[in-house]
Each structure stands twice: as structure tokens, then as C-alpha cells.
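Enquirer: Okay, handing you the structure first.
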Amino acid sequence: MNKKTILWLLLDLVFLVVFNVIFFAAGGSDHPTAVWLNYGFIHFAYVMLLVTPFLIRNSSSAALFGYTLSGISSTYFFATLIAGVGFMLLASDNFKLSLIVQVVLTGAYAAVLLSNMIANEQTADSVAVHEAELVYVKTGAAKLQAAMNQITDDADLQHKFEQAYDLVHSSPSKTVPAVRSYEETALQHIDLAAEAVEVGDYTAADKEVTAVLKAAEARNVQLQASY
């Protein structure tokens, strides 16, 4: 456990320590059921606030997801804290009102949190698919252009790389499972073509870029047939 983790852990414990010191110092340990009920809900709400970061889906949109879920958990915690402290000060023997209020707050929190988590999962899946779709077009075209710019003494080979670049760059970014094998093949040959250019092996580069053109054309034909 590193120093940063220890410091965050200590920060997380501040509220629990302060709250419990005040709770027991001010009122001791002899309390009616309603007080203990609210005590428990307040602690549960705080634990959920601490756990929320672990509920965030890893994605390029993780920061937005985290902001939303943290806001929901923070709202629930403060609402529970205010309601709980209010009921504690009343120190009523009737725990039913406290139970109803806290259950309603918790139920509303669970519904909103889970709904947002479901929405985040769907958004993350959509973003992941979109990013995967862009890999073929953007990454492939960028590598072809970089390799093409390195060719200065073979106009025919440079022209063939330019053809491959234009074909990949102008290809639809939308993809379907049926064309994934063509995309993977094209990207593999793009890497091999770039490596061949890097070492000056233009014969191998010509062979690989020809394979790129073949795979890219097959991919676009199959993609059109899939629509």
C-alpha cells in the first residue's frame, strides 16, 4: 500500500471518526431503535459514496460516468445524513417514520443509480464500438500515409501506397462482424508494408501494399453487401 492510498484511506475515515465521536460523546450508547436505524442508514450511505468509484465502467467516457454516479451517491448521502440527524435529534421511540423515509430515499437512490449504470454501460459499449470502427480507417490510413511519405525514389510504389491510403481513408468507418477479418488482414499487411519501407525493402513493401489493396477492396464489397 503506497503513501497516496494510505492518505486517501485516512481522508475517507475522517467523517466516520468525527461522526461517531460526536454521536457517542453527545448521547452515549443508549438510544431507541429509531436512532440506531438512522445511524445504520447514514453509515450505509457513506459506504456507498466510497464504493461508487469502483462502479464506474472503464471507458474513454469514464470521467463523465464518474461525475454522474458520484453526484447521485453524494446527493443520497447528504439527504440521508440530514434526514437521519433530524430523526436522531427527535429521539422518538416510533421508528416507523424513520424507516419509511430512509427506505424511500434508499429505494430512489438505488433506482437512479442502477438506471444510470445501465445507461453508462450502453453508452460505453457504443463508444467502444465507435472507437473500434475508427481504428481501421484512422490508424490504417495514418500508417499508410507515413510510409508513403518515406518513399522518395520509387514513384510507382509511392503511387500504390497512395492508392491504398485513398481506399482505406475513404472507406466507411461503420463496420460489421462479417468484415472484421478483412480489416485485421489489411491492418496486418499495412504494418508489414510500413516495416518493409522502413528498412528499404521495396519489393516486400510492394507485395504487402498489394495485399492491403486486396483486403481493403474485399472489405468494402462485403460491407456494402451487408447493408
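Enquirer: Checking the condition open to solvent by 30 Å² or more (accessible area, probe 1.4 Å) and within 30 Å of ILE72 (Cα to Cα), which residue from GLU162, GLU131, GLU217, GLU198 passes?
Expert: On inspection, the qualifying residue turns out to be GLU131.
Enquirer: Just one of the numbered conditions (1) touching a residue at least 12 places away in the same chain (Cβ under 8 Å); (2) more than 30 Å from THR68 (Cα to Cα); (3) among the β-branched types (Val, Ile, Thr) is not true of VAL127; which one?
Expert: (2)
Enquirer: Working only within the range 23-35, note down all residues that are open to solvent by less than 40 Å² (accessible area, probe 1.4 Å), part of a helix (DSSP H, G or I) and not small (Gly, Ala, Ser).
Expert: PHE23, VAL35
Enquirer: While we're here: Filter the range 144-155 down to residues that are closer than 11 Å to VAL209 by Cβ and assigned to a helix (DSSP H, G or I) and give me whichever is most open to solvent (accessible area, probe 1.4 Å).
Expert: In this case the residue turns out to be MET148.
Enquirer: I'm checking my understanding of the structure. Among residues of the range 173-195 that are open to solvent by 60 Å² or more (accessible area, probe 1.4 Å) and not basic (Lys, Arg), which one is farthest from ASP153 (Cα to Cα)?
Expert: The residue in question is PRO177.
Enquirer: Tell me, which residue of the range 88-104 that is without any contact (Cβ under 8 Å) to a residue 60 or more places away in the chain and within 36 Å of the chain's Cα centre (by Cα) is nearest to ALA26 (Cα to Cα)?
Expert: Per the stated criteria, the residue is VAL101.
Enquirer: With the condition kept exactly as written, say whether any residue in the range 36-55 is more than 19 Å from PHE87 (Cα to Cα) and either open to solvent by 90 Å² or more (accessible area, probe 1.4 Å) or in contact with a strand residue (DSSP E or B) (Cβ under 8 Å, 6 or more places away or on another chain) (or both).
Expert: Looking for residues that are more than 19 Å from PHE87 (Cα to Cα) and either open to solvent by 90 Å² or more (accessible area, probe 1.4 Å) or in contact with a strand residue (DSSP E or B) (Cβ under 8 Å, 6 or more places away or on another chain) (or both), one finds at least one in the range 36-55, hence yes.
Enquirer: Mind checking which residues of the range 169-226 are among the basic types (Lys, Arg) and under 17 Å from VAL135 (Cα atoms)?
Expert: LYS174, ARG180, ARG219
Enquirer: Taking the range 92-126 as the search range and keeping residues that are over 20 Å from THR52 (Cβ atoms) and of a type in the set (D, E, K, R), which one is surrounded by the fewest Cβ atoms within 10 Å (Cβ to Cβ)?
Expert: Here the residue is ASP93.
The values are calculated or read from the model by the stated rules, or taken from the named source; none is laboratory data. This one's a predicted model, so the numbers in the text were calculated from it and none came from an experiment. Cβ: placed from backbone, ideal geometry, glycine included. Neighbour counts: every protein chain shown. Heavy atoms of the whole protein, side chains included, go into the accessibility calculation; ligands, DNA and RNA do not. Shrake-Rupley method; radii C 1.70, N 1.55, O 1.52, S 1.80 Å.
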